[in-house]
């Protein structure tokens with residue numbers, strides 16, 4: 001049971017669930033016929049790709065995680081598992097993901113899943129200790145799950161699918177800027193080149209505002225594309241302006257760790273609220 005728990009921890013279940021929710025939202029938004037095998041395989045393949053990326057990330061960063069309070073108790077840091085076992089588990093998950101997506105979904109979705117996995121592990125993970133640009137680079141694979149859901153239903157990459165990708169990509173940037181300010185000491189000890197560590201909180205806060213501004217029209221782009229209506233649009237506008245208001249508070253002189261933590265928590269609530277609004281919109285109209 002201890003081993004199962006450690007393997008589960010390697011996969012980061014909460015992050016995996018969120019990504020599967022995004023993929024399911026993408027599939028539902030496509031509006032195609034419901035095919036249980038395709039849906040199940042797409043969600044399983046997405047989950048396995050995310051689980052693989054999370055596991056391999058912890059394998060590569062096992063020497064760094066011990067420096068951070070929030071990661072110091074991970075299985076590889078505490079020697080509850082050998083690195084070789086974690087590596088094998090992560091690779092197995094990745095292979096299973098590609099196999100399932102190829103066999104039961106389609107080539108486009110399988111290619112997206114493999115690209116997300118490889119770019120997260122081989123490009124984003126090492127760059128975290130080299131440049132703050134890793135924030136944008138890492139947001140690319142992080143934004144692929146809803147596009148995978150879309151392509152699972154349609155078999156193609158087109159405007160609405162790319163809009164879903166863009167929404168998640170832009171949302172991630174202020175979200176991770178907030179946590180990098182909130183967890184500044186942890187990231188600094190680990191040697192991660194986050195925006196606050198390298199360029200300071202003022203730059204990080206200004207970037208948060210800029211990305212929050214961009215999130216409003218991008219989240220509303222689903223309306224002119226014809227895949228959402230006023231129900232989603234109204235909620236997206238309110239959430240987007242609320243998100244922007246949170247980021248603007250950070251420009252105040254006294255905005256510190258408490259603001260960053262609050263902004264981070266609100267960003268977590270924003271995404272499922274947006275997905276729920278989209279699901280209601282699609283269901284009602």
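Only counting other Cβ atoms within 10 Å, I'd like 34, 104 sorted with the fewest neighbours first.
The order, fewest Cβ neighbours first, is 34, 104.
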Residue of 209, 197, 37 that the Gaussian network model of the chain assigns the largest fluctuation, springs spanning Cα pairs under 10 Å: 37
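Going by C-beta contacts inside 10 Å, put 180, 52 in order with the fewest on the left.
So the residues, fewest neighbours to most, are 180, 52.
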Sites residue 99 and residue 79 - FRET efficiency at Förster radius 30 Å, r taken between beta-carbons, to 0.05: 0.45
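What ranking do 208, 119, 33 get, fewest neighbouring Cβ atoms within 10 angstrom at the top? Provide the component values of the computation, followed by the final result.
Values: 208 28, 119 18, 33 7.
Placing the least packed residue first, the sequence is 33, 119, 208.
What share of Cα pairs, in percent, lie more than 16 angstrom apart in the range 227-285?
Numbers: 826 of 1711 pairs.
Tail of the P(r) past 16 Å holds 48 percent of the pairs.
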Centroid-to-centroid separation of the range 161-213 and the range 35-62 [C-alpha atoms, Å]: 24
Within a Gaussian network of the chain (alpha carbon springs, distance under 10 Å), most fluctuating of 224, 141, 126: 224
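Bear in mind these aren't lab numbers, they're just calculated from the coordinates by the rules spelled out. Computed from a prediction, not measured in an experiment: that's the story for all the values here. Here Cβ is always computed from backbone atoms with ideal geometry, including for glycine, and neighbour counts include all displayed protein chains.
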